[in-house]
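S.K.: Structure below; questions to follow.
The values are calculated or read from the model by the stated rules, or taken from the named source; none is laboratory data. Given the structure is predicted, the values throughout are model-derived calculations rather than measurements. Reconstructed Cβ throughout: ideal geometry from the backbone, glycine too, with neighbour counts over all protein chains shown.
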Amino acid sequence: MTLIVAVDMEPGMIILGDALISGPNPGKKELLLPTFATPNEFLGDGYPQAVHLERKVITLSPYICVGWAGDREGIRPFFERLYSHVQSAQPTKRQLEEFVKSSGLHELSRENSAFIAGYTTDGLEIHRHILEKFGSIEGAGTGLSDFKARFAKMIVDGKRGGRMPSEVALAITTEMFSRQTNSGWGLDSQFGAFFETIVLERGFGFEPLTNCMIVYRQWWRDSQSHEQRPGQINAGAICTLATRIIYFKHVGDTLVVLSWWEEDGRCAQYAITPPFRPYAEPTDDAWPVQFAIEILHNPISHRTIRIVRDPAEYYVGWMGKGLFGRKIANFDENFADDIYSACDEIGWSIWGDDFKE
């Protein structure tokens, strides 16, 4: 099961998809996910199980993006036509219509949902096969209703506030990661594992959110706990402990994901490809950080805040197979000030009742 979403953010678009492929798993081998270590505890012992990771939304060129959900083998001819007919130049509206016709989009069975979005010389066009629509949100999969319930207001508020599609996309994506990482949200409905986001802002074409580091920390006031935990960093009255790190970048059309867990020091690398495409091996040791997001959870009050930070303060150290260098930004007084400012912005008092149990 799955989740694919296209959000109209006039004059742009946000496209989002998960990466989970589920099916029979006779070997009972647990598939460890970037977001959650043991997903099958949510799915039970029966069919289906989490068995594979694959991209559900793909940029075929800067001007064409496709999303799919449903029967993987049944959709193979559709993707073979897409790969063989796509061109790199920006299409006209008529050229996009011809491309869609040659792909066989409208010949897909009812077991499949898909869309082709094109940024043509005449504007944004989207061609659909069996999508549900809720206002500016349309998509398919077992996670669609939940997505609408949780994120429709964030989308509306972003539009009203004049936010760029990339800003809204970053907020939604990090919130989805946070929910699944913290509680396994979505896995009981068989969607998740990873959430990929592609943004269209007029004049730029379709661009995936990439070179992104998400750091999950617990944080508390020094008066809330006097115990010094391994890995704990203190700055003034603020104490923090990094518990999870997720980093991802694109190498060709392969999505490379690194994940680290503080609880057992486990590190993992994932290569998530589009359907029926080979894995693109990284050709260099570059792990640039373009976006750095801190998700900070207070275990006393159970409050969570999100801070977008200067990516220049972060780096990824890759030290061979299975090793994820986890040294990240120094947690200094500037970071503590960022926390105070974030709380003030949303009306929380770090010294008052908002951060009491």
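S.K.: Just for region 56-70: of the residues that are in contact with an Asp or Glu (Cβ under 9 Å, 6 or more places away or on another chain) and surrounded by fewer than 24 Cβ atoms within 10 Å (Cβ to Cβ), which one is farthest from Y83 (Cα to Cα)?
M.R.: G70
S.K.: Still on this structure: Filter region 282-299 for residues that are of a type in the set (V, I, T) and in a loop (DSSP other than H, G, I, E, B); which is modelled with the highest pLDDT? Spell out the reasoning first.
M.R.: Step one: list which residues in region 282-299 are of a type in the set (V, I, T), which gives 283, 289, 293, 295.
After this cut, where a residue has to be in a loop (DSSP other than H, G, I, E, B) as well, the list is 283, 289.
Numbers: T283: 68, V289: 89.
Per the criteria, the residue is V289.
S.K.: Counting only residues that are within 19 Å of K56 (Cα to Cα) and hydroxyl-bearing (S, T, Y), which one in region 167-197 is modelled with the highest pLDDT?
M.R.: Within region 167-197, the match that is modelled with the highest pLDDT is T197.
S.K.: Hey, L96 hits all of (1) of a type in the set (A, V, I, L, M, F, W, C); (2) out of contact with any helix residue (DSSP H, G or I) (no Cβ under 9 Å at 6 or more places or on another chain); (3) at pLDDT below 95 but one; which does it fall short on?
M.R.: (3)
S.K.: Ok, one more. Within region 218-238, identify whether any single residue is under 21 Å from A169 (Cβ atoms) and either assigned to a loop (DSSP other than H, G, I, E, B) or at pLDDT below 75 (or both), and answer yes or no.
M.R.: There is no residue in region 218-238 that is under 21 Å from A169 (Cβ atoms) and either assigned to a loop (DSSP other than H, G, I, E, B) or at pLDDT below 75 (or both).
S.K.: From Q49, Q90, grab the single residue that is of a type in the set (S, T, N, Q), modelled with pLDDT of 95 or more and assigned by TED's automatic domain parsing to the domain that holds M176.
M.R.: Values: Q49 fails: modelled with pLDDT of 95 or more.
Exactly one residue qualifies, and that residue is Q90.
S.K.: Residues that are in contact with a His (Cβ under 8 Å, 6 or more places away or on another chain): find the strands (runs of 3 or more DSSP E) completely inside region 80-181 holding 3 or more of those.
M.R.: Because the criterion is at least 3 residues that are in contact with a His (Cβ under 8 Å, 6 or more places away or on another chain), the strands (runs of 3 or more DSSP E) in region 80-181 that meet it are 113-120.
S.K.: What number of residues in region 182-195 are within 13 Å of R150 (Cβ to Cβ) and part of a helix (DSSP H, G or I)?
M.R.: 2
S.K.: Counting only residues that are of a type in the set (S, T, N, Q) and farther than 23 Å from I155 by Cβ, which one in region 168-224 is surrounded by the fewest Cβ atoms within 10 Å (Cβ to Cβ)?
M.R.: First pass over region 168-224, keeping only residues of a type in the set (S, T, N, Q): 173-174, 178, 180-183, 189-190, 197, 210-211, 218, 223-224.
When the remaining residues are screened for being farther than 23 Å from I155 by Cβ, the result is 190, 211, 218, 223-224.
Details: Q190: 23, N211: 18, Q218: 18, S223: 9, Q224: 16.
Ranking the qualifying residues of region 168-224, first place goes to S223.
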